[in-house]
Amino acid sequence: MKPPFILASNSPPHFTFWHPPPDPEKPACPYQAGFTVEIKRHTPPPPFGDPHYGPGPWPERNDVDLEAVTQTELVLAHPPFEHLNTVSSSSSSPAARTTATATLTILKPLAVDDGRGAQLVVCSVTPSPCPCPQESNNDGHGEFVAKIFDPLYYSFECPHAMSEADDTPWLADVDYSHEAAALDHLEGVMRQGDGRTGLGLAAPRYYGSWTFTLPITHAGKEVQRSVRLVLMEHINGHCIRSVSLDPDLLSRYTEADRLDILAAVLDGSVRQRHAGVDQRDLAARNVILRSAPISSPSGSNKQQSLPQPVIVDYNRAVVFELSRLGKRPCQFAELPQNPICIYWGMILDFGGWIPLEWQESHELYQEWLKERFGGEAAGQYAPVDQQQQQQRPTAGAMTNGGNGAGAQPQRNKGALKDVAPPPTLPPDFKVYWPIPLPWEDPAQPEKR
């Protein structure tokens, strides 16, 4: 990244902020009800693009290229990355071997907007990619959810760095490769086990990775561009964040109900890790409540039917055996790790769903973890390393969900005493990064 301004000798700062240029060739986002397209099975590239996987074979592009073109020009110049095998699918679904093409029709948008990244829609698919409807747990009655990774409708201006262009074709391929790899791996595990095993993973059923083409007019000529997508089951329900923000919906659940569901979420997360996937973005916005009873032997409301939580959104996920880490020790254990081990010192992004007291006292949350996943319930998991648990740093107060408002985590200075010293930074680093760094105390700016 280059700084947003350049200092010339004996002259005031000259600001050179970049904004996306006019793009008259870019069409409006087409993913609305009634949109119909032919889709074909596609083998995604191996996951790449973060430290867990490495850069992959994608060619590097510098900032000058990004800032010198329109988003349409960028997308057409850099089509989606191809796997060596571009027609057959690596999906674990048996349908991948029988349904090579299909017709997708959007029934309604779920999350569609120019600049939001991947687009989510409810759709019908003919012929159905699900070989055995009775196995699918698809409560959408023949409906599916398509997650469409179209780089033309990712944000060209980086949302995390002012006046910087984002490489949207690269981002879309990274998201697609991560999501497809994680869903395919979890689907394979669910199909190897029984129905109860599948429900325990708290993952949506997966119906493969696909591609389609769209026409676009560029330089006065109509050309075709490719777009990738993944298909999942349609889960009729609200995400936990939506329920938390709606007083009427939230009133349907007692605090005990909410904690039963939270326990099922944490249980599903550790079982996914045991199966070899770390979702890496567990938050209220990424858990959908399915209208089906949960199976939680440690629950307090065993006789009450509560919705089953399903963890979604795997564009940041890591499949251990496909990553630089390789298979993790937890995968070789007979039982999954206890949620106490994973979530003891973690800040949960479930504000509005968890008790308000947890936002003031992390210890109350830890007591709940011990009560919920200790005792008889501990027999479902690998033994807890008590010494490791005692050494885990306390993360502080619990935060509110997605909007970032509310109580902030308390700093635990003592918890970082054994951590390696911070890196040495250039003397002029603060010119371009004036905010406090993680190891600095914001109350002592003079010590920066």
May I ask you to list pairs of residues, at least six apart or on different chains, whose Cβ atoms are under 6 Å apart, with the first in segment 192-218 being among the aromatic types (Phe, Trp, Tyr) and the second being modelled with pLDDT of 85 or more and part of a helix (DSSP H, G or I)?
Tyr206/Leu183; Tyr206/Glu187
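Which helices (runs of 4 or more DSSP H) does segment 309-388 wholly contain that include 1 or more residues that are crowded, with 20+ Cβ neighbours inside 10 Å?
339-343, 356-360, 362-373
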Testing Leu201 on (1) surrounded by 22 or more Cβ atoms within 10 Å (Cβ to Cβ); (2) modelled with pLDDT of 95 or more, one condition comes back false. Which one is that?
(2)
Looking at segment 69-110 only, could you name the residues that are at pLDDT 90 or above, closer than 27 Å to Pro127 by Cβ and either assigned to a helix (DSSP H, G or I) or touching a helix residue (DSSP H, G or I) at 6+ places or on another chain (Cβ under 6 Å) (or both)?
Pro80
State whether one or more residues within segment 290-299 are surrounded by 15 or more Cβ atoms within 10 Å (Cβ to Cβ) and at pLDDT 95 or above.
no
Just give me the residues in segment 213-268 being within 25 Å of Gln119 (Cα to Cα) and β-branched (Val, Ile, Thr), in sequence order.
Thr213, Ile216, Thr217, Val223, Val227, Val230, Ile235, Ile240, Val243, Val265
Do we have Arg258 as at pLDDT 95 or above and in contact with a Leu (Cβ under 6 Å, 6 or more places away or on another chain) here?
no
Just need a number here: residues in segment 219-240 that are touching a residue at least 12 places away in the same chain (Cβ under 8 Å) and either touching a Phe, Trp or Tyr at 6+ places or on another chain (Cβ under 8 Å) or of a type outside the set (A, V, I, L, M, F, W, C) (or both).
14
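Counting only residues that are of a type in the set (D, E, K, R) and closer than 17 Å to Asp150 by Cβ, which one in segment 206-247 is surrounded by the most Cβ atoms within 10 Å (Cβ to Cβ)? I'd like the intermediate steps shown before the answer.
If we filter segment 206-247 for residues that are of a type in the set (D, E, K, R), which is where we start, we get 221-222, 225, 228, 233, 241, 246.
Then keep just the ones that are closer than 17 Å to Asp150 by Cβ; that gives 225, 228.
Working: Arg225: 18, Arg228: 27.
Checking each candidate, the answer is Arg228.
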Helices (runs of 4 or more DSSP H) enclosed by segment 175-269 - at least 1 residues per element that are of a type in the set (Lys, Arg):
195-200, 240-245
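The values are calculated or read from the model by the stated rules, or taken from the named source; none is laboratory data. Worth saying up front: this structure is predicted, and the values here are computed from it rather than measured. Note that we place each Cβ from the backbone using ideal geometry, even for glycine, and neighbour counts take in every protein chain shown.
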